[in-house]
1. Quickly work out the residue 203-to-residue 378 label distance, labels modelled 7 Å from Cα along the C-beta direction, and quote it in nm with one decimal.
2. Between residue 184 and residue 215, with labels modelled 7 Å along Cα→Cβ, what's the label distance in nm to one decimal, could you check?
3. When Lys and Arg each count +1 and Asp and Glu each count -1, what net charge do the other residues less than 14 Å away from residue 158, Cβ to Cβ, add up to?
4. Considering every pair of different Cα atoms, what Kirkwood radius, in Å, is found for segment 13-139?
5. Could you tell me the calculated FRET efficiency between residue 133 and residue 351, based on Cβ-Cβ distance and R0 = 45 angstrom, to the nearest 0.05?
6. Which net charge results for the neighbourhood of residue 334, defined as the other residues with beta-carbon distances under 12 angstrom from its beta-carbon, given Lys and Arg at +1 and Asp and Glu at -1?
7. Collect residues whose amide H, placed 1.01 Å from N in the peptide plane, falls under 5 Å from the amide H of residue 350; neighbours closer than 5 in sequence don't count.
8. In nanometres, what is the gap between the two model label sites at residue 115 and residue 321, each 7 Å from Cα along Cα-to-Cβ?
Amino acid sequence: MVRPVLEELRSKKELQIKEFSKVLFQISQISAEIAGCRPSNEGREQEVNNLTVKKLDQLKSHLQELQNEKILRLQKVTSHISTIHELSVVMSIDFLKMLNGIHPSLGDSSEGMPKSISNDTLARLTEVIHSLKLDKKQRLQKLQELARSLVELWDLMEIPIDEQKDFSHVTSLIPLSVDEVSKQGCLSVDVIEQAEHEVQRLEILKGSKLKDLVFKRQNELEEIYTGVHMDVDSDKAKQILTGLIESGSISLSDLLQSMDDQIRKAKEEALSRKDILDKVEKWHLAAEEENWLDEYERDENRYSALRGAHKNLKRAEKARILVSKIPSIVENLTAKVKAWETENGIPFLYDKVPLLQSLDDFNAQRQQKEEEKRKSREQRRQQEQLAAEQEALFGSKSTTKKPFGQTTNNNSITGTPIGRRVLTPSSRYGSLSAKERRESGRVNKVAPVNYVALQKDDSISGNN
């Protein structure tokens with residue numbers, strides 16, 4: 001009766017021992033993997049002496065903890081390997097060689113070997129990642145400095161856009177942070193060396209071109225000043241620049257920077273003068289039209305039927321409107337100039353002359369011209385009045401009178417006698433309106449009253 005029970009207990013014991021052995025083996029294997037060494041059989045027999053279910057449950061619980069830790073460590077190893085791969089791709093580093101250097105199970109030579117999850121492996125992976133990230137940061141900073149130097153040299157020497165495109169992959173790194181850089185090979189040693197060689201080449205080229213660039217900047221500065229009618233001594237400025245370059249007392253880069261600052265200030269000053277210069281242009285245009293109108297009105301044949309006369313008439317009408325606005329134009333311009341001078345604390349020069357002085361001179365000349373016109377009109381009026389009185393008292397001195405429009409030459413053209421043209425209304429523009437001048441032009445074709453009277457007198461004397 002006891003034998004079957006004993007056999008059953010022995011069978012259960014063997015099964016329990018196998019179960020314990022299996023659990024202990026797995027615990028030993030995972031512990032060895034974590035420790036980074038080979039599994040050990042020490043202590044396994046002592047553990048087997050305790051075959052209680054409680055002990056087995058404790059071992060299984062411990063095994064489960066080790067298995068979970070192994071899973072986490074494998075995930076860490078995989079994540080570290082992925083990070084190393086990304087960094088290696090960006091910097092063109094041999095990825096497999098680096099992994100083999102950490103542990104053979106991680107590289108290409110593992111041949112089915114389980115990946116090492118030991119503390120040492122994880123620590124070395126972490127160290128390599130830190131080193132690669134630091135290297136990536138340093139390489140990015142190096143390339144960003146080289147890219148900025150390239151951009152500065154390109155702008156300085158005005159390198160064509162086509163040549164700049166060869167290093168666009170370098171200049172595109174300027175605004176990026178370390179985490180944003182992920183393009184394959186963009187931080188490789190070859191890229192850095194190419195950028196360094198290009199910077200060195202441009203630095204050598206810069207020395208031979210900077211002098212030309214300095215004088216080009218000076219010409220640009222002079223064009224800005226000339227465009228806004230500001231005084232600039234070109235010869236003296238170029239002599240100063242030549243002296244600075246030859247003396248070597250200032251670097252050409254600093255000199256160019258100084259020239260750029262002067263150009264920027266000149267543009268700002270030119271912008272502040274723009275409104276006044278626009279008004280000056282309008283003033284000059286009105287003054288030119290006034291001079292043309294004076295010459296036009298002195299022309300006694302301006303109402304003739306010559307080709308283009310109607311165009312001159314239209315221009316004269318527009319000119320009179322513009323000339324009538326000259327006082328308000330000058331007044332507004334003067335107010336603008338005074339406000340500008342108050343704000344800037346310096347006189348507003350226009351072609352080396354204070355603009356206010358030019359405006360005062362213009363007003364004085366215009367007043368003088370108007371006074372001369374007034375005196376001329378008064379003098380002509382008195383002469384015409386005197387001539388009319390003399391003709392009324394004494395009559396014409398000619399002995400032979402002919403009808404109006406006829407001369408002794410049969411081929412001559414009828415019209416106003418040449419001797420009488422000075423008395424036509426067209427010669428007295430200053431005292432007549434446009435309507436009166438047009439009416440005077442028509443009246444000019446009618447014989448004067450005193451001329452008819454003289455003809456009548458001659459016929460009476462002939463009868464006598």
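Rule-based calculations on the coordinates, nothing more; no lab input. Only a predicted model underlies this, so the values are computations on that prediction, with no experimental measurement involved. Here the Cβ is made from the backbone with ideal geometry for all residues, glycine too, and neighbour counts use every protein chain on show.
1. 8.3
2. Using points 7 Å along Cα→Cβ, the separation is 5.1 nm.
3. -3
4. One over the average 1/r among Cα pairs gives 16.6 Å for segment 13-139.
5. FRET efficiency, residue 133 to residue 351: 0.10.
6. 0
7. Long-range HN contacts for residue 350: 355.
8. 8.8
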